[in-house]
């Protein structure tokens, strides 16, 4: 069974600094996808970035990058140049791609607070 | 390009009442998903449709829950005989199938409070 672990319930970062949010995963499938979502207080889950297990390069999307270490089964999100609007809950999620199942499995999230 | 929309955004009901939520996916997205999120947790998968066919259901989807997508466009999620434990955010998502990983895009959610 697949599992996502986010060990940081809360993180603080100063505006304009970089921050890393941790995510480890467990799966027996060789082909899987890893996702990060942002959830502001309004409640909507906003897709940020995707990494496939066979992608050779770490994914990047603007200020977001994914530090993917397959052997360690970790997929940490790096946010560069933090902004006040980055304050939100961040969720790591995974889907096994060989099973035919479409369900995403989410971690418990990390609350990021950006301080001025 | 409008995103996923959900209606209502908030619902307060008394225990034992039935409630129905609606989700309109992103136009042309043929896959639609329902998740439930309780306070302090990540979303948990409930069910998945491809077009009008319900192809996957979680064990969380008890017999009091039913979801439909009759014409392969919008979907409804009905909860019968609501219980206080049903209080949660109900999130809908949709995907096209052609993006890497088949990325799911979420709506704003419906927050249900059962008194």
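The values are calculated or read from the model by the stated rules, or taken from the named source; none is laboratory data. The model shown is predicted, which means the values in this text are computed figures rather than measured ones. Cβ: placed from backbone, ideal geometry, glycine included. Neighbour counts: every protein chain shown.
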For region B:1-109, list the strands (runs of 3 or more DSSP E) that sit wholly inside it and hold at least 2 residues that are under 22 Å from residue A:88 (Cβ atoms) and within 13 Å of chain A (Cβ to nearest Cβ); which are they? B:5-7, B:31-37, B:44-50, B:88-95
Going residue by residue through region A:68-77, is there one that turns out to be under 28 Å from residue B:54 (Cβ atoms), surrounded by fewer than 19 Cβ atoms within 10 Å (Cβ to Cβ) and at pLDDT 95 or above? no
Note on region A:79-106: residues farther than 22 Å from residue B:94 by Cβ and either within 14 Å of another protein chain (Cβ to nearest Cβ) or part of a helix (DSSP H, G or I) (or both) are A:84, A:85, A:86, A:98
Could you figure out which of (1) more than 22 Å from residue A:27 (Cβ to Cβ); (2) touching a residue at least 40 places away in the same chain (Cβ under 8 Å); (3) surrounded by fewer than 20 Cβ atoms within 10 Å (Cβ to Cβ) isn't true of residue A:97? (1)
